[in-house]
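Trainee: Dumping the structure here so I can ask a few things about it.
The values are calculated or read from the model by the stated rules, or taken from the named source; none is laboratory data. Keep in mind that what you see is a predicted model, and the values were worked out from it rather than measured. When we count neighbours, we look across all protein chains shown, and the Cβ atoms used for this are built from the backbone with ideal geometry, even at glycine.
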Amino acid sequence: MWIFGYGSLIWKTGFTFESREPAFINGWQRRFCQASPDHRGTPEFPGRVVTLIQAPGEQCHGIAYRLPSDQLEEIIEELDYREKNGYERLAIDIHFRDRTELGFVYHADEQNPSFVREESPFEIANRISQSHGPSGSNIEYVLELQKALREQQIIDSHVTELADLISGQAFEPPSTE
């Protein structure tokens, strides 16, 4: 059984795996449009974490992990708890350099109550820069993801833009409306 990681699973795995390989999925892109009231924020001030948005013709690169069959049930139970708040397991083709395998990915679709629509990169960066939850600061999440993607030679313009905005602290002023 394979699981595809595209967010914190890349840099904060937290489970046993038999192997890990660079991989990608077709038709999706990583976006910071999932509110996080439970890990990188609070119910009063939710942070932002990544989910997948359907994007025909695009590829989302990440890391695939082969899970040990003798620990599969326990690992999935732990991941189901970790990836709560709108995330569900989705069966998906995971593409490797030399083959394609069926696996799964955690995905929070646009119908879940924590999906955040149409925030500008500046609004997302502002929210991230001020959010902190039980799993740590939201800034750490973005910067660790950016670092992990770079280490894998994965370029993601959305993550890079947010990391640059956060690092430079160059945000749009809040609306006066």
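Trainee: Against the conditions (1) of a type in the set (Asp, Glu); (2) modelled with pLDDT of 95 or more; (3) outside any helix (DSSP H, G or I), where does Glu144 fall short? Just the number, please.
Mentor: With respect to (1) of a type in the set (Asp, Glu); (2) modelled with pLDDT of 95 or more; (3) outside any helix (DSSP H, G or I), Glu144 is out only on (3).
Trainee: Let me ask something else about it. Within the group Arg82, Arg89, Arg117, which residue is modelled with pLDDT of 95 or more and out of contact with any Pro (no Cβ under 7 Å at 6 or more places or on another chain)? Before you say what the answer is, go through the steps one by one.
Mentor: Working: Arg82 fails: modelled with pLDDT of 95 or more; Arg117 fails: modelled with pLDDT of 95 or more.
On inspection, the qualifying residue turns out to be Arg89.
Trainee: How many residues does region 133-152 contain that are in contact with a Gly (Cβ under 9 Å, 6 or more places away or on another chain) and surrounded by fewer than 16 Cβ atoms within 10 Å (Cβ to Cβ)?
Mentor: Qualifying residue count for the region: 1.
Trainee: State whether one or more residues within region 87-96 are of a type in the set (D, E, K, R) and within 14 Å of the chain's Cα centre (by Cα).
Mentor: Checked region 87-96: at least one residue is of a type in the set (D, E, K, R) and within 14 Å of the chain's Cα centre (by Cα).
Trainee: Based on what the data block shows, is Arg66 in contact (Cβ under 8 Å) with a residue 24 or more places away in the chain, among the basic types (Lys, Arg), closer than 18 Å to Ile3 by Cα and surrounded by 15 or more Cβ atoms within 10 Å (Cβ to Cβ)?
Mentor: Values: in contact (Cβ under 8 Å) with a residue 24 or more places away in the chain: yes; among the basic types (Lys, Arg): yes; closer than 18 Å to Ile3 by Cα: yes; surrounded by 15 or more Cβ atoms within 10 Å (Cβ to Cβ): yes.
Criteria met by Arg66.
Trainee: Under 6 Å between Cβ atoms, which residue pairs at least 6 apart in sequence (or on different chains) link something in region 101-112 that is among the aromatic types (Phe, Trp, Tyr) with a partner that is in a strand (DSSP E or B) and at pLDDT 95 or above?
Mentor: Close Cβ pairs (under 6 Å, with a partner that is in a strand (DSSP E or B) and at pLDDT 95 or above) amount to Phe104/Ile3; Phe104/Arg89; Phe104/Ala91.
Trainee: Consider region 91-112. How many of its residues are of a type in the set (A, V, I, L, M, F, W, C) and surrounded by 16 or more Cβ atoms within 10 Å (Cβ to Cβ)?
Mentor: 5
Trainee: Within region 1-55, which residues are in a helix (DSSP H, G or I), aliphatic (A, V, I, L, M) and either touching a Phe, Trp or Tyr at 6+ places or on another chain (Cβ under 9 Å) or surrounded by fewer than 18 Cβ atoms within 10 Å (Cβ to Cβ) (or both)?
Mentor: From region 1-55, those in a helix (DSSP H, G or I) are 8-11; that's our starting set.
So of that shortlist, the ones also aliphatic (A, V, I, L, M) come out as 9-10.
Within region 1-55, Leu9 is the sole residue that qualifies.
Trainee: Would you be able to say whether some residue in region 79-87 is among the hydrophobic types (A, V, I, L, M, F, W, C) and either over 26 Å from Trp2 (Cβ atoms) or without any contact (Cβ under 8 Å) to a residue 24 or more places away in the chain (or both)?
Mentor: Checked region 79-87: no residue is among the hydrophobic types (A, V, I, L, M, F, W, C) and either over 26 Å from Trp2 (Cβ atoms) or without any contact (Cβ under 8 Å) to a residue 24 or more places away in the chain (or both).
Trainee: Which residue, of Glu88, Glu110, Glu73, Glu77, is under 21 Å from Ala55 (Cβ atoms), of a type in the set (Asp, Glu) and out of contact with any Phe, Trp or Tyr (no Cβ under 9 Å at 6 or more places or on another chain)?
Mentor: Result: Glu110 is the single residue among Glu88, Glu110, Glu73, Glu77 that is under 21 Å from Ala55 (Cβ atoms), of a type in the set (Asp, Glu) and out of contact with any Phe, Trp or Tyr (no Cβ under 9 Å at 6 or more places or on another chain).
Trainee: Quick one: which of Ala125, Ala163 is surrounded by 17 or more Cβ atoms within 10 Å (Cβ to Cβ), of a type in the set (Gly, Ala, Ser), over 20 Å from Ile10 (Cβ atoms) and touching a helix residue (DSSP H, G or I) at 6+ places or on another chain (Cβ under 9 Å)?
Mentor: Ala125
Trainee: So, of the residues in region 77-115 that are assigned to a strand (DSSP E or B) and aliphatic (A, V, I, L, M), which turns out to be farthest from Trp28 (Cα to Cα)?
Mentor: Leu102
Trainee: Go through region 1-57 and give me each residue that's of a type in the set (Val, Ile, Thr), closer than 21 Å to Gln146 by Cβ and free of Cβ contacts under 8 Å to residues at least 60 places away in the same chain. Break it down into steps so the answer makes sense when it comes.
Mentor: As a first pass, look at region 1-57 and keep what is of a type in the set (Val, Ile, Thr): 3, 10, 13, 16, 25, 42, 49-51, 53.
Narrowing the set further to residues that are closer than 21 Å to Gln146 by Cβ leaves 10, 13, 25, 49-51, 53.
Selection gives Thr13, Ile53.
Trainee: Which of the residues belonging to region 69-83 are surrounded by fewer than 19 Cβ atoms within 10 Å (Cβ to Cβ) and under 15 Å from the mean Cα position of the chain (by Cα)?
Mentor: Scanning region 69-83 gives Asp80, Arg82.
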